[in-house]
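A short worksheet on the structure shown next.
The values are calculated or read from the model by the stated rules, or taken from the named source; none is laboratory data. This structure is a prediction, so every number in the text was calculated from the model and none was measured. Please note: Cβ atoms are built from the backbone with ideal geometry, for glycine as well, and neighbour counts cover all protein chains shown. Calculation scope for accessible area: heavy atoms of the full protein, side chains included, ligands and nucleic acids excluded. Shrake-Rupley method; radii C 1.70, N 1.55, O 1.52, S 1.80 Å.
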Amino acid sequence: MSLLARAKQGSPDPATATLVRQGTSAPRPLGAVIRVLGGRATPAAFRLRTGICVLGSASASAIVISEPGVSRAHAELALVPEGVRVTDLGSRNGTWYLGQRVERLSLALGARIKVGNTEVALDADTESLTGGAVFAGESFRGMVGASLAMRRIFATLARLEGSLVTVLVGGESGVGKELVARALHEGSLANGPLVTVNCGAIPRELVGSELFGHTRGAFTGAAQARKGAFECADHGTLFLDEIGELPLEMQPVLLRALETGEVRPIGSDAARNVQVRVVAATNRDLEAEVRAGRFREDLYYRLAVVKLSIPSLRERPEDIEPLARQFAEHVGLGELDPTLVEQLKARAWPGNARELRNVIHAYAALGELPESAGSTSTTLEMALGDLVDVSRPYADQKEELAERFTRSYLQALMVHTRGNQSAAAKLAGLDRSYLGRLLVKHKLTKT
């Protein structure tokens, strides 16, 4: 049963629910499920939650692999924040990862190794994330939610605090996926920064440069060398928002970076090692995108080591009031009138928490609630209908509309921040240098 389906059943059964409180125990890495693929092994699956696990042909091994080429004590596995530390125990035929023989290496959950010629999967043990755990409070690292659905998500985030596993966050636009990424980063004990890249806002020809950097003169306009998002996020977290918009030709390059921890700036012959925890987000059904051939299956499984789905605000109406009060506090409104709260609860919120935040900000400025989004949506649909031209290619029209939106968004953003690019970049969730390039491109900088 899905997280959301369980949430819809109502309050947790006190006999089965586990209450999780922030800071009640030391963070520990997420467990792993070790599976031998295409070989004879006992047991077929081994859950590694503490201690170490030895693979080998000897009967004393935690996983006995009865295949040629496997030494009696072949390799040792141990949990670490990055995933699983693999140590070869002096085996005759070696332990291999991506075609390279390794002696000691920490690998992300979801990786595959070979002991001799036998493939072994190191997958995340997500069983502990999908049980009956419920967070005891109604806020977690800046996120607010009284609903059972959100308190289950908070419990999952708390459980992930000892790990650096890759997480894929799904949900409609405006539900707060970027807040999940920030909560994961703050709980990761990483000493590097949180770097955000909106994959849907980068021109196709600049995606590689944005992610991996470039050398001076690597392409027209590359007047100086520039670090990419992976290098900027070294020893920290890289949040890849709108990952479903990543061009298909860039997906194998991203997959390689995730698997090897190496990035190669455009125009460079030298690869650079980075240690980055990746959190990706999408409002698309990526499994459907995989079936349609628009998203690589291997990249999907590498990103979706742990999957979190954030319900829409209309599916958790009990969160409207605490969210509204939080937004009101941020703008100095003080206590909200109960009548106003009831009016907020009566709305559908197609734009989710982001729309609610904007409505509270408008109320703070105008003293009254703005018009419901229903009429705005209708007007937008009519305008889009007038702009659509079926005689022109889809990609061209999509790019043109995106450019119009980007310019309008940037204009409003710079007015709101009174031209402060640092503040604008923070609000937009964009790298400051990338925002600067967008402003230049759309001729919105002062001359």
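Matching the structure-derived log10 I(q)/I(0) by the Debye sum over Cα atoms at q = 0.08, 0.13 Å⁻¹ against the labelled list (i) -0.54, -1.17; (ii) -0.54, -1.31; (iii) -0.42, -1.13 gives the label (ii).
Put +1 on the Cβ of each Lys and Arg and -1 on the Cβ of each Asp and Glu in the chain; which of Pro370, Val197, Gln224 then has its Cα farthest toward the positive end of the dipole? Final value for the positive-end residue is Gln224. Comparing Ala270, Ala149, Ala41 in a Gaussian network model of the chain (Cα springs below 10 Å), the most mobile by mean-square fluctuation is Ala270.
How many angstrom lie between the Cα centre of segment 334-373 and the Cα centre of segment 292-325? Distance between centres, Cα-based: 23 Å. For segment 25-103, the solvent-accessible area works out to 49 Å² per residue, with a probe of 1.4 Å and every protein chain left in place.
Here is what passes the span test in the chain: the DSSP H helices with alpha carbon length of 18 Å or more along the helix axis and a Kyte-Doolittle mean of -1.0 or above are 352-366, 373-387, 394-416.
Taking the chain as a Gaussian network of alpha-carbon nodes connected by springs under 10 Å, the highest mean-square fluctuation of the residues Gly334, Gly145, Gly56 belongs to Gly334. Across segment 293-307, rounded Karplus estimates of 3J(HN,Hα) from the backbone phi angles (6.51 cos²θ - 1.76 cosθ + 1.60, θ = phi - 60°) give x, 9, 9, 5, 5, 5, 5, 4, 5, 6, 7, 9, 4, 10, 10 Hz, Gly and Pro being marked x.
Remark: segment 51-139 carries a charge dipole of roughly 460 debye about the Cα centre, counting +1 on each Lys and Arg Cβ and -1 on each Asp and Glu Cβ. Using the Cβ-Cβ distance between Lys345 and Glu67 with R0 = 60 Å, the FRET efficiency computed as 1/(1 + (r/R0)^6) comes to roughly 0.45.
When only the Cβ of Lys, Arg, Asp and Glu is charged (+1, +1, -1, -1), the dipole of the chain relative to its Cα centre reaches about 1100 debye.
Hey, with R₀ at 45 Å, roughly what FRET efficiency would Leu98 and His330 work out to, going by the Cβ-Cβ distance, to 0.05? So, using R0 = 45 Å, E works out to roughly 0.45.
Under 14 Å from the Cβ of Ile52, count the other residues' Cβ atoms, weight Lys and Arg +1, Asp and Glu -1, and hand me the total. Every neighbour counted, the sum reads +2.
For the residue pairs Lys345/Lys443; Lys345/Lys441; Lys177/Lys227, alpha carbon separations beyond 32 Å are given by Lys345/Lys443; Lys345/Lys441. All other residues whose Cβ lies under 15 angstrom from that of Glu103 are scored, Lys and Arg at +1 and Asp and Glu at -1, for a net of +3. In segment 184-304, the DSSP beta bridges split such that about 25 percent are antiparallel, to the nearest 5.
The magnitude of the dipole of segment 251-356, with charges of +1 and -1 set on the Cβ of Lys/Arg and Asp/Glu and taken from the Cα centre, is near 500 debye. In a Gaussian network model over the chain where Cα atoms closer than 10 Å are linked, find which of Asp125, Asp88, Asp396 has the largest mean-square fluctuation. Sorting by GNM fluctuation, first place goes to Asp396. Annotation for segment 64-149: trypsin sites (Lys or Arg not before Pro) lying in DSSP loop with at most 10 further Cβ atoms inside 10 Å of their Cβ are Arg92. Amide H to amide H, with H built 1.01 Å from N, Leu194 comes under 5 Å of Thr237, counting only residues 5 or more places away or on other chains.
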